[in-house]
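Q: I am attaching a structure below and will ask some questions about it afterwards.
Throughout, read-outs are computed from the coordinates displayed, never taken from laboratory work. Quantities reported herein were computed from a predicted structural model and do not represent experimental measurements. In this analysis, Cβ positions are derived from the backbone assuming ideal geometry, glycine residues included, and neighbour counts consider all displayed protein chains.
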There are 4 protein chains.
Amino acid sequence: MNLELALRMCEAAVRQAGREGALISVAVVDAGGHLVAFQRMDGARITGPVLAPGKAYTAVAHRMATADLAPLVLPGGELYGLAGDRYVCSGGGVPLGESGGGRGASGASRVVGAVGVSGGTVSQDIACAEAAAAVWEGA
Amino acid sequence: MNLELALRMCEAAVRQAGREGALISVAVVDAGGHLVAFQRMDGARITGPVLAPGKAYTAVAHRMATADLAPLVLPGGELYGLAGDRYVCSGGGVPLGESGGGRGASGASRVVGAVGVSGGTVSQDIACAEAAAAVWEGA
Amino acid sequence: MNLELALRMCEAAVRQAGREGALISVAVVDAGGHLVAFQRMDGARITGPVLAPGKAYTAVAHRMATADLAPLVLPGGELYGLAGDRYVCSGGGVPLGESGGGRGASGASRVVGAVGVSGGTVSQDIACAEAAAAVWEGA
Amino acid sequence: MNLELALRMCEAAVRQAGREGALISVAVVDAGGHLVAFQRMDGARITGPVLAPGKAYTAVAHRMATADLAPLVLPGGELYGLAGDRYVCSGGGVPLGESGGGRGASGASRVVGAVGVSGGTVSQDIACAEAAAAVWEGA
């Protein structure tokens, strides 16, 4: 992960939010879950600074899209009761693979960062995060 | 609990993970829930340092395997609403009894430690934790 | 505060860091102390995501530069014992006034945001934060 | 950082503690500050699981030995008021450089992990951490 690419990813997410009519925050984290870049659109909720980095952290930590994680943390799901004050398990966090194409990958050691989006509906957040991930995969 | 035995338990869990094709973290805690030993396999998720000690803590705190605790924390379950930032209630935490055979024991004062494993599927985590517990029981 | 201006402020801080030979993180927060933009330079410390927003938060919360706050929190100082897990009281946080010129202002309701920088020496952090604040004041 | 090397570092710290007559905990973290290995000697304080990883985290995050950081966080020091619930700024945390010889290095992007020791006197903790770092540097 590097800042230049992270900024391009943020821009892509914000652009997609414009198309979606959503006001979002977007965060990009490195392999250690530490923030590299963050942007909150004018008028976006003040939850964004917590939830967007949280989704990105969760995606890199669990090596899967938070949308895929969401059903697993439901009551009765395999990961119900998951603890940790940085976890956000609703859709909008997408892991980034070492050589692109890592979206949703749960493969072992290949995830090197993640993007997280919050502020719109879950489907809008996912669309924005995937727009950012597409920049990564094309890089 | 002692360090020498805790290290042998960690090794057994890591060995089992190799057989399972999983990349795990393993934690051993004492009767107070405090960490004695921890090991994270190369390439294992960064959630391990949170979740493996969390499962071990939860197992020793409730004196039962976290796999057995999981249904109790479901909505409507006896322990629904269980709070605390160190609780992890999915399978992979196993309590250790005073004289072996303590796995799953909910008997009052006999639990003197626990092992917690995270990083694989829940069933892989359980298998690794039980491999560690078998070392304890044979000791 | 708005995202476009926050991004220009981040860029100015990063540019100044280049001149200083420092690797920094920079954060811009709004009047509520909530993050608007954040950038961490390649190779900058992983403390940046905690300390840069912390300095910005502290500057907007107390309506003064964290460099000016530092002596007040010394033992015997007026604010000794200041608590709160987001406070960072070393130099590098600068409040932003409503109509520019707000740097260091402690005037009541005029502070509408802040910038925080971390990663270099304190004097480098201050120089970078002031470069960002200059963008605000010129806007 | 890898587990095999982290375990050898823990062993070296424990061995040194034996020579010092101290009972310690030792932690090794990766570049992201996440735990790789931890060992607490029999009879060592229950603070070890908090303080040893905390010192290691602080050393990797600030890219300097916590012994060197300690005077900076004194009242009036450059980093007084440093925030963050994982910081431990007394001696016993030592950063590990990319190619050995990184002990105490504050150079930009070369720190790839750290060791932290707690439980003895500060000078004992430092001696144990340095014994662990020597294994890293010789690897």
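Q: Grab the residue from chain D whose Cβ hugs the D-to-B rotation axis most tightly, plus its distance in whole angstrom.
A: Measuring from each Cβ to the axis, the minimum is at D:38, 2.
Q: Between the stretch B:44-73 and the stretch A:27-49, what's the alpha-carbon centroid distance in Å?
A: 30
Q: Can I ask one more? Could you work out the relative contact order of the stretch A:3-138? I mean the mean sequence separation of Cα pairs under 8 Å and 6+ apart, divided by the number of residues, in percent.
A: Worked out over the stretch A:3-138, it gives 31 percent.
Q: Under the definition of partner shielding as Cβ atoms of other protein chains within 10 Å of a residue Cβ, what is the mean value for peptide A:71-80? Spell out each step's value before the answer.
A: On the way: counts 0, 2, 1, 2, 8, 4, 4, 7, 6, 7.
Counting other chains' Cβ atoms within 10 Å and averaging over A:71-80 gives 4.
Q: Would you please give the residues with an amide H less than 5 Å from that of residue C:113, counting only those at least 5 places away or on a separate chain, with H modeled from the backbone geometry?
A: Under 5 Å from the amide H of residue C:113: C:96.
Q: Quick one: 3J(HN,Hα) in Hz for the stretch A:74-82, Karplus 6.51/-1.76/1.60 with θ = phi - 60°, rounded, Gly and Pro as x.
A: So the J values, rounded to whole Hz, are 5, x, x, x, 5, 10, 4, x, 3.
Q: Now for a different question. Where q = 0.13 Å⁻¹, what log10 of I(q)/I(0) comes from the Debye formula for chain D, counting one point per Cα?
A: -0.44
Q: Could you give me the radius of gyration and the Dmax of the protein assembly as shown, taking only the C-alpha atoms into account and expressing both in angstrom?
A: 23.4, 73
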